[in-house]
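The structure appears right after this line, and notes come after that.
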Amino acid sequence: MLSMKDIEITFNEGTLDEKKALQGINLDMEKGDFVTVIGSNGAGKSTLMNMVSGSLKPDIGTVKINDKNVTMLPEYKRSQFIGRVFQDPMAGTAPTMTIEENLAMAYARNKKRTLKVGVSKKRKALFKEHLETLHLGLENRLNAKVGLLSGGERQALSLLMATFTEPNILLLDEHTAALDPSRAELITNLTGEVVEQFDLTTVMVTHNMQQALDLGNRLIMMDKGQIILEVSGQEKQQLTIEKLLHEFQRIRGKQMENDRAILG
């Protein structure tokens, strides 16, 4: 479904500010895999997401979706395969448009373009059906401007817009970080339900380690542009935040020992 092979990205190459943002990234995901990604600031998490979405291209390596090489495919062309929810509830939707208009725009993302204007009764019924799954009453507010929604309501709508056309890949970019705890919990629960309902192949970046443990069937930890830990299945289910932190310190300590040995 999603394959990344030998991915390398370097920023400001050949300058004093050179930084290896991604180093030797190899990751294969099957349909329905839900990978949570954790790591400290600067670990490469956002670069990884931007590379998958197409807003960044790797210097070296290949990206495939459904066995199709999309490495050089621009972001706007990859959007037919990918749904994305951003950290900022204001991103991903058009605030001056209504809920109905936003959903119509998302619905048309991977459909053939026509000259028809407006929303048919059948499509409106479809929108209401999907909005009902959010349990926020938005199905009764189709004509409300999205800019008037709360942050949690807007993020729930963004999640719905990114998923109800069942994309090949769903990218969740710290999509609960800007919300208060109660709304963050709501969106976290909705995420698990929607991903399971549509059997979506999902990559979620988060700073919330408990969220990373609770969601998904696989977890990767990144540091300095590399994947330094990957766990899945029962091993992931048995992890705790304390064990994760211990493993990070153990791996970081080993890396520092290797660096010292190389430097002599």
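Details
- Filtered by the rule that a residue be in contact with a helix residue (DSSP H, G or I) (Cβ under 9 Å, 6 or more places away or on another chain) and farther than 22 Å from Gly44 by Cβ, the stretch 190-209 gives Leu190, Thr191, Gly192, Val194, Val195, Gln197, Phe198, Leu200.
- Scanning the stretch 66-80 for residues that are part of a strand (DSSP E or B), out of contact with any Pro (no Cβ under 9 Å at 6 or more places or on another chain) and modelled with pLDDT of 90 or more turns up at least one hit.
- Subset of the stretch 135-188 (residues that are of a type in the set (Asp, Glu) and either under 12 Å from Pro89 (Cα atoms) or out of contact with any strand residue (DSSP E or B) (no Cβ under 9 Å at 6 or more places or on another chain) (or both)): Glu139, Glu153, Asp173, Glu174, Asp180, Glu185
- So Tyr107, is it touching a Leu at 6+ places or on another chain (Cβ under 9 Å), hydroxyl-bearing (Ser, Thr, Tyr), without any contact (Cβ under 8 Å) to a residue 60 or more places away in the chain and not in a loop (DSSP other than H, G, I, E, B): yes
- If you go through the stretch 122-148 and keep only what is in contact (Cβ under 8 Å) with a residue 40 or more places away in the chain and touching a helix residue (DSSP H, G or I) at 6+ places or on another chain (Cβ under 7 Å), you end up with Leu134, Arg141, Leu142, Asn143, Ala144, Val146.
- Evaluation of Val52 against (1) under 26 Å from Leu179 (Cβ atoms); (2) under 16 Å from the mean Cα position of the chain (by Cα); (3) in a loop (DSSP other than H, G, I, E, B) (one fails), failing number: (3)
- Here Glu193 meets each of (1) part of a helix (DSSP H, G or I); (2) surrounded by 18 or more Cβ atoms within 10 Å (Cβ to Cβ); (3) under 19 Å from the mean Cα position of the chain (by Cα) with one exception, condition (2).
- Search result, residues across the stretch 167-183 that are under 22 Å from Asp199 (Cβ atoms) and either free of Cβ contacts under 8 Å to residues at least 24 places away in the same chain or touching a Gly at 6+ places or on another chain (Cβ under 8 Å) (or both): Pro167, Ile169, Leu170, Leu171
- When the residues of the stretch 217-244 are filtered to those that are over 25 Å from Lys31 (Cα atoms) and more than 23 Å from the chain's Cα centre (by Cα), the one that is surrounded by the most Cβ atoms within 10 Å (Cβ to Cβ) is Lys243.
- For Met4, the conditions (1) at pLDDT below 95; (2) not in a helix (DSSP H, G or I) are fulfilled apart from (1).
- If you check Gly192, Gly216 for being out of contact with any Pro (no Cβ under 8 Å at 6 or more places or on another chain) and on the phi > 0 side of the Ramachandran plot, only one passes: Gly216.
- Hey, Ser40 over 21 Å from Leu160 (Cα atoms) and in a loop (DSSP other than H, G, I, E, B) or not: yes
- Residue within the stretch 158-166 that is among the aromatic types (Phe, Trp, Tyr), out of contact with any Ser or Thr (no Cβ under 7 Å at 6 or more places or on another chain), surrounded by 15 or more Cβ atoms within 10 Å (Cβ to Cβ) and in contact (Cβ under 8 Å) with a residue 40 or more places away in the chain present: yes
- Every listed requirement among (1) loosely packed, with under 12 Cβ neighbours inside 10 Å; (2) modelled with pLDDT under 90 is met by Met90 save one, (1).
- Among residues of the stretch 214-235 that are touching a residue at least 12 places away in the same chain (Cβ under 8 Å) and under 21 Å from Glu193 (Cα atoms), those with a Cβ under 8 angstrom from a residue that is among the aliphatic types (A, V, I, L, M) and assigned to a loop (DSSP other than H, G, I, E, B), sequence gap 6+ or separate chain, pair up as Leu219/Leu239.
The values are calculated or read from the model by the stated rules, or taken from the named source; none is laboratory data. Worth saying up front: this structure is predicted, and the values here are computed from it rather than measured. Positions of Cβ are generated from backbone atoms using ideal geometry, with glycine treated the same way; all protein chains shown enter the neighbour counts.
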